[in-house]
Amino acid sequence: MELKPILKTLLRNKIGVAVIATQVALTLAIASNVFYIVADKVSAARQPSGVDEANVFRIRAANYRDVADPLAQQKRDEAALRSIPGVQQVAMVNQVPLGQSGNNSGFFLKRDQQQSTTNCATYEAADSLVDALGLKLIEGRDFTPEEYLEFTEYPTEGQPLPVIVSEAMARVMYPEESRYVGRVFYQGNGDKASELRIVGVVETLSTPWGRTSWGSKTGGESLVMPVRMPTMSPQYVVRTEPGRQSEALKAAESALIQPGDGRILVPANTMLELREHRYRNDYFLSSMMATMTGLLVLVTATGILGMASFWVGQRRKQIGVRRALGARRSDILRYYLLENFIVTSIGIVAGVVLALVLNQLVAESLQLSRLPLSDLAIGMAMLWLVGQAATFAPARRASQIAPATATRSV
Amino acid sequence: MLTMKQLSKVYRTHLIETHALRSFDIDVREGEFVAVTGPSGSGKTTFLNIAGLLEEFTGGEFLLDGVSVRGLDDDARSRLRNQKIGFIFQGFNLIPDLNLFDNVDVPLRYRGFNGAERKRRIEHALERVGLASRMKHYPAELSGGQQQRVAIARALAGEPRLLLADEPTGNLDTAMARGVMELLEEINGQGTTIVMVTHDPELAQRAQRNVHIIDGQVSDLDRNVTLLHTAAHKPVAMSA
């Protein structure tokens with residue numbers, strides 16, 4: 001191994017080494033953090049909502065005239081939707097998972113507690129949301145028909161209610177427990193707080209905002225109340241038999257709107273569309289960041305290629321002398337690859353430190369966890385590979401320099 | 001030590017063919033000090049390159065230390081070059097970024113010696129050329145004559161059987177050239193075969209035998225002289 005002489009040579013070419021090592025360090029710091037952010041965003045975008053997404057759609061009809069009995073209108077709508085062939089379940093809801101708009105409430109373990117234990121997406125459903133969304137109950141039961149309450153106006157303060165919670169919410173509320181049914185907590189605090197009793201736990205129920213929103217750590221801290229409320233724009237979630245969503249959706253649009261009834265239809269969305277809309281910007285941002293990082297890596301590779309080519313060109317005579325003194329082609333090839341490996345490694349060592357510092361800033365500002373060392377290791381391996389790949393062509397060219405170059409005067 | 005019979009070297013491009021050596025015969029015996037002279041373009045450097053296995057030849061036969069080098073692959077030629085031949089170049093060709101110790105170390109690393117053996121050989125070689133005290137210095141810190149001595153130490157460290165010198169005093173002033181020449185004579189006196197290409201007739205005269213090349217061939221006169229020398233070869237005495 002020619003490690004020592006290469007190091008000595010590099011020490012006498014400090015500027016070139018510093019330029020490349022700095023480029024490698026910056027690339028590693030940026031690339032590993034971008035990789036980490038992109039991976040986090042992609043992972044968030046793929047996080048299950050708990051909904052039978054392929055067979056659920058959301059439809060809304062907005063009233064532009066006052067409605068005498070909004071609750072009766074909702075029931076008529078539900079009946080009309082249920083009568084559509086292929087429809088399995090309908091529920092009037094105040095918000096839908098990944099719909100990007102909805103209610104969030106603070107929940108307390110005790111009435112006299114000052115700070116809420118958690119803030120969760122608060123679903124209000126006038127019929128079984130478990131069935132309408134295809135949620136998976138992992139503990140307890142669904143609401144009974146008698147438990148659904150009707151209110152003609154807000155607020156519901158003080159009203160004791162049974163609730164179904166997502167497991168994510170239950171874990172936040174009761175981190176030490178593994179069974180949650182029967183537990184009581186409060187919406188709001190003080191005398192006006194509503195007492196809530198858990199009757200069921202679903203495995204997953206995404207919030208309307210998905211992950212990384214409204215202080216939610218998992219994007220899955222949700223709660224369902226069996227409540228029907230008056231609203232000017234009722235929305236319904238409709239679950240269909242597999243393969244019948246498209247025809248049911250068209251029929252639903254006709255079923256809700258009648259000429260002269262003072263309503264307009266808000267375009268319906270399938271759950272898959274809602275997911276796509278929710279994460280479209282994240283995907284776009286991720287692809288932009290990945291593209292920019294790819295370009296950065298390319299620039300670094302070009303820098304390494306340029307420096308290696310320059311060194312080979314500058315040392316043509318020296319390479320010829322080495323060949324004349326007994327170096328084989330493979331010795332010359334190895335020399336340049338090893339030289340690059342050393343320079344890249346210097347950059348990588350600096351880059352690891354820089355990446356961790358940068359990650360601290362990123363993690364704090366984006367509320368992300370720390371950069372996993374495995375991501376850093378992938379970045380390191382990638383840069384070593386990029387360095388070796390970029391050096392290979394000049395190194396191979398160097399190995400082809402004829403030993404007779406040593407005796408040439410020009 | 002070095003025998004070429006009817007050797008030829010032709011450089012070809014798509015337009016022309018240049019016969020750099022043709023019907024080239026030479027026989028250098030072990031321990032000889034041969035000076036190769038000739039006008040510019042006569043084929044001296046081509047001969048040296050082929051003798052040093054730096055270039056391949058087109059036709060004929062070439063035996064190095066009794067081994068035919070025809071058809072050897074690049075790795076085998078590199079190995080043979082490293083083990084049997086030492087080079088001294090006109091421009092010294094030291095590696096500027098390495099100190100004297102590391103410069104002399106270059107061919108020894110390719111030889112695969114361990115660290116202790118390399119150190120022993122480097123120190124001995126630098127002592128032999130009188131530069132042991134400056135082994136941590138860099139080439140730029142030395143005079144031309146000293147740099148050529150380092151190049152000689154580098155050539156000697158591997159204890160080659162054959163030393164090929166390409167105008168070894170071409171870049172030196174008279175005093176330095178004399179010193180280098182005396183060193184070469186001393187090395188030859190210790191049994192190393194030396195083939196030296198030179199323009200300088202005065203230096204050539206100090207060699208044991210002269211070979212003159214004209215138009216890629218050993219001139220007839222020298223061919224006879226070569227034969228005479230071959231018949232009654234005796235090593236020259238070591239110079240003071």
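The values are calculated or read from the model by the stated rules, or taken from the named source; none is laboratory data. Note that the coordinates shown come from a computational prediction; the quantities given were computed from them, not determined experimentally. Positions of Cβ are generated from backbone atoms using ideal geometry, with glycine treated the same way; all protein chains shown enter the neighbour counts. Only protein heavy atoms, including side chains, enter the accessible area calculation; ligands, DNA and RNA are left aside. Shrake-Rupley method; radii C 1.70, N 1.55, O 1.52, S 1.80 Å.
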Buried accessible area between A and B, both sides, 1.4 Å probe, in Å² rounded to 100, is 2400
Averaged per residue, the 1.4 Å probe accessible area of the range A:89-224, protein heavy atoms only, in Å², is roughly 45
Given the options A:Phe310, A:Val24, A:Gly99, identify the residue whose Cα lies farthest towards the positive end of the charge dipole of chain A (+1 on Cβ of Lys, Arg; -1 on Cβ of Asp, Glu).
A:Phe310
How far is the Cα center of the range B:81-157 from the Cα center of the range A:392-409, in Å?
21
A drop of at least 40 square angstrom in accessible area, chain alone versus all protein chains together, probe 1.4 Å. Which residues of the range B:42-60 meet that?
B:Leu54
Given N residues in the range A:26-135, what is Rg(Cα) / (2.2 N^0.38 Å)?
1.53
For the range A:65-261, with only Lys/Arg (+1) and Asp/Glu (-1) charged at the beta-carbon, what is the dipole magnitude about the Cα centre, in debye rounded to 20?
420
Kirkwood Rh and Cα Rg combined as Rg/Rh, the range B:66-188:
0.97
Leaving out ligands and nucleic acids, and using a 1.4 Å probe, what accessible area per residue does the range A:272-393 come to in Å²?
50
Going 7 Å from the Cα of A:Arg396 toward and past its Cβ, which residues in the range A:329-350 have a backbone nitrogen under 19 Å from where you end up?
A:329-341
How high is the relative contact order of chain B, in percent, with contacts defined as C-alpha pairs under 8 Å that are six or more residues apart?
30
Relative to chain A, whose Cα atoms define the longest principal axis, helix A:245-256 and its Cα axis are tilted in degrees, nearest 10, by 40
Taking the Cα atoms only, what angle lies between the long axis of helix B:115-128 and the longest principal axis of chain B, rounded to 10 degrees?
80
Find out how many positive minus negative residues lie around A:Ser101, taking Lys and Arg as positive, Asp and Glu as negative, among other residues whose Cβ is under 13 Å from that of A:Ser101.
+3
Cα gyration tensor, the range B:86-135 - rounded (a/c under 1.5), prolate or oblate
oblate
Order the following by accessible area, largest value first: A:Phe35, B:Phe101, A:Phe284. Probe radius 1.4 Å; ligands, DNA and RNA are ignored.
A:Phe284, A:Phe35, B:Phe101
With all protein chains in place and a 1.4 Å probe, A:Lys110 shows an accessible area in Å² (nearest 10) of 130
On the protein heavy atoms, probe 1.4 angstrom, tell me the percent of accessible surface of the protein assembly as shown carried by carbon and sulfur.
56
Length gained if A:Leu368 through A:Thr144 is fully extended, taking 0.36 nm per residue and subtracting the Cα-Cα distance, is 76.6 nm
Viscosity 0.890 mPa s, temperature 25 °C, Stokes-Einstein D of the range A:265-311 from Kirkwood C-alpha radius, µm²/s
179
Dipole of the protein assembly as shown, Cα-centred, from +1 at each Lys and Arg C-beta and -1 at each Asp and Glu C-beta, to the nearest 20 debye?
2220
Note down, for the range A:104-192, the three equivalent ellipsoid semi-axes (square root of 5 times each alpha carbon gyration tensor eigenvalue), biggest first, whole angstrom.
21, 19, 11
May I ask for the percentage of alpha-carbon pairs in the range A:65-261 that lie more than 27 Å from each other?
30
How large is the dipole of the range A:1-153 about the Cα centre if only Lys and Arg carry +1 and Asp and Glu carry -1, each at its Cβ, rounded to the nearest 20 debye?
1500
In degrees, nearest ten, helix B:174-189 long axis to first principal axis of chain B (Cα):
80
Over the protein assembly as shown: Rg over Rh, Cα atoms, Kirkwood Rh
1.35
Förster radius 45 Å - calculated FRET efficiency between A:Ser254 and A:Leu285, Cβ distance, rounded to 0.05
0.70
Spacing of the two label points (7 Å from each Cα toward its C-beta) at B:His14 and B:Glu61, in nm:
3.8
Of A:Gly210, A:Ser178, A:Leu338, whose Cα points farthest to the positive end of the dipole of the protein assembly as shown (charges on the beta-carbon: +1 Lys, Arg; -1 Asp, Glu; origin at the Cα centre)?
A:Leu338
At 222 nm, what helix-only mean residue ellipticity would chain B give, in deg cm²/dmol to the nearest 500, using -39500 (n - 2.57) for each DSSP H run of four or more?
-12000 deg cm²/dmol
I'd like the FRET efficiency for A:Ala377 and A:Glu176, computed as 1/(1 + (r/R0)^6) with the beta carbon distance as r and R0 of 41 Å, rounded to 0.05.
0.70
